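Chemist: Once you've had a glance at the structure underneath, I'll fire off some questions.
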Amino acid sequence: METFPNSLKSEKNTIEQWFEEEFKKRETLNVSGEQIEILDIAPKELKQGAPVLFISGYGDGSPEGRKTNILELVKQGRRVIAVKSPHGIDQKSDNPKTENLRDSILKQVNAINLVLEKKGVGKVSVIGESRGGIVTLAAAHLYPDKFENLVLVDSGGLVKEINTALLGIRFLNTGISEGKTFKEREKAGLVSALGKEQVEWGTKEFMKWVLKTPILSTKEINDIAKSETYQFLREIKNHGIGISIVHGVDDKVFPMKDVQKNISEQKKSGNPEELQISEIIDGFYSVEGGHGDLNTKPEQYTSAAEKVLTALENKQRSIKNSEVKN
């Protein structure tokens with residue numbers, strides 16, 4: 001990881017020039033014949049708070065697919081870690097909690113855990129998007145001591161299991177709809193050059209991803225459809241981890257009404273010491289847009305997610321200060 005050289009100023013073009021060079025630098029970790037690629041990038045002027053682990057949605061997980069999002073977080077003063085491990089790492093574990101996880105999700109968690117151990121960063125906060133939200137909750141379920149705050153953006157795993165074919169159709173229809181909307185915004189001059197590069201790269205690589213491994217891709221989509229990680233929320237919160245949800249009101253993949261219904265059903269079971277849902281979820285933010293806007297409107301939505309993370313950090317500091325005074 002490197003920081004801004006002293007000679008650089010904070011003007012937009014200078015930051016982006018520096019970012020382009022730093023973005024190319026990767027660490028690699030070889031495990032069981034599989035290679036994990038690690039991007040670790042930070043500005044000189046770091047905002048107070050843990051490093052941000054950015055976990056993107058379904059696909060090969062290359063940082064290139066969320067380059068604009070990462071740049072926006074860096075501009076906000078965040079150290080960002082992104083992990084590329086296309087199908088995760090298969091490792092044996094004696095942890096009985098692993099039985100609660102679908103196979104492809106667990107493999108992704110394994111890769112993330114290995115990276116966090118290698119980096120030795122202590123705790124991280126996470127921005128997890130779509131499938132990345134499932135991986136986020138699964139990782140916090142298995143390794144709660146490694147996480148500080150979670151921001152789940154258009155996250156899967158917050159609804160009851162879905163028919164796999166139906167989820168596939170939802171993804172397809174959403175992709176077509178997003179593509180049309182993106183073209184309209186591009187014609188109107190509302191898309192940055194980097195944002196266009198990100199979407200075009202991601203679309204091309206996603207199609208290659210699916211066509212290259214159709215059987216495995218189907219299995220992974222099935223694991224997304226069947227994951228019900230909302231069941232981990234109470235347990236995760238009991239470890240003192242902040243949790244906020246950012247969800248598009250027009251999300252057709254994981255509809256807002258289904259997420260809200262499922263979250264609201266996580267009520268007390270009768271144990272007076274058990275957390276209520278209002279105590280488990282620190283913030284639920286309904287935002288305009290559909291599934292995938294973190295990708296197609298990266299500057300706007302990443303900035304919003306970063307503000308949500310800041311709110312979580314401020315809340316935790318306030319609680320700690322109050323405890324010290326008492």
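The values are calculated or read from the model by the stated rules, or taken from the named source; none is laboratory data. What you see is a predicted model, and the numbers here were worked out from it, not measured in a lab. Cβ: placed from backbone, ideal geometry, glycine included. Neighbour counts: every protein chain shown.
Chemist: Condition first: under 15 Å from the mean Cα position of the chain (by Cα) and on the phi > 0 side of the Ramachandran plot. Now tell me which residues in the range 28-80 satisfy that.
Modeler: G59, G61
Chemist: I would also like to ask the following. Show me the helices (runs of 4 or more DSSP H) found entirely inside the range 225-300 where at least 3 residues are within 18 Å of the chain's Cα centre (by Cα) and under 30 Å from K320 (Cβ atoms).
Modeler: In the range 225-300, the matching helices (runs of 4 or more DSSP H) lie at 233-238.
Chemist: Take the residues in the range 308-325 that are in contact with a strand residue (DSSP E or B) (Cβ under 9 Å, 6 or more places away or on another chain) and of a type in the set (D, E, K, R), then tell me which one is nearest to P51 (Cα to Cα).
Modeler: E313
Chemist: Can you tell which of I81, I89 is in a strand (DSSP E or B) and farther than 20 Å from E161 by Cβ?
Modeler: From the options I81, I89, the qualifying one is I81.
Chemist: Looking at (1) buried (at least 18 other Cβ atoms within 10 Å of the Cβ); (2) over 15 Å from H291 (Cα atoms), which one does G156 not meet, given that it meets all the others?
Modeler: Failed condition: (2).
Chemist: Restricting the search to the range 69-84, which residues are of a type outside the set (G, A, S) and either over 14 Å from A305 (Cα atoms) or buried (at least 21 other Cβ atoms within 10 Å of the Cβ) (or both)?
Modeler: Of everything in the range 69-84, those that are of a type outside the set (G, A, S) and either over 14 Å from A305 (Cα atoms) or buried (at least 21 other Cβ atoms within 10 Å of the Cβ) (or both) turn out to be N69, I70, L71, E72, L73, V74, R78, R79, V80, I81, V83, K84.
Residue-by-condition table, conditions (1) at pLDDT below 90; (2) more than 19 Å from L172 (Cα to Cα); (3) acidic (D, E); (4) surrounded by fewer than 22 Cβ atoms within 10 Å (Cβ to Cβ):
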| residue | (1), (2), (3), (4) |
| --- | --- |
| N222 | no, no, no, yes |
| E228 | no, yes, yes, yes |
| H239 | no, yes, no, yes |
| V249 | no, no, no, yes |
| F254 | no, no, no, no |
| I263 | yes, yes, no, yes |
| E279 | yes, yes, yes, yes |
| N295 | no, no, no, no |
| A311 | no, yes, no, yes |
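Chemist: Out of all the residues in the range 111-128, is one or more closer than 21 Å to L309 by Cβ, among the small types (G, A, S) and buried (at least 24 other Cβ atoms within 10 Å of the Cβ)?
Modeler: Within the range 111-128, one or more residues are closer than 21 Å to L309 by Cβ, among the small types (G, A, S) and buried (at least 24 other Cβ atoms within 10 Å of the Cβ).
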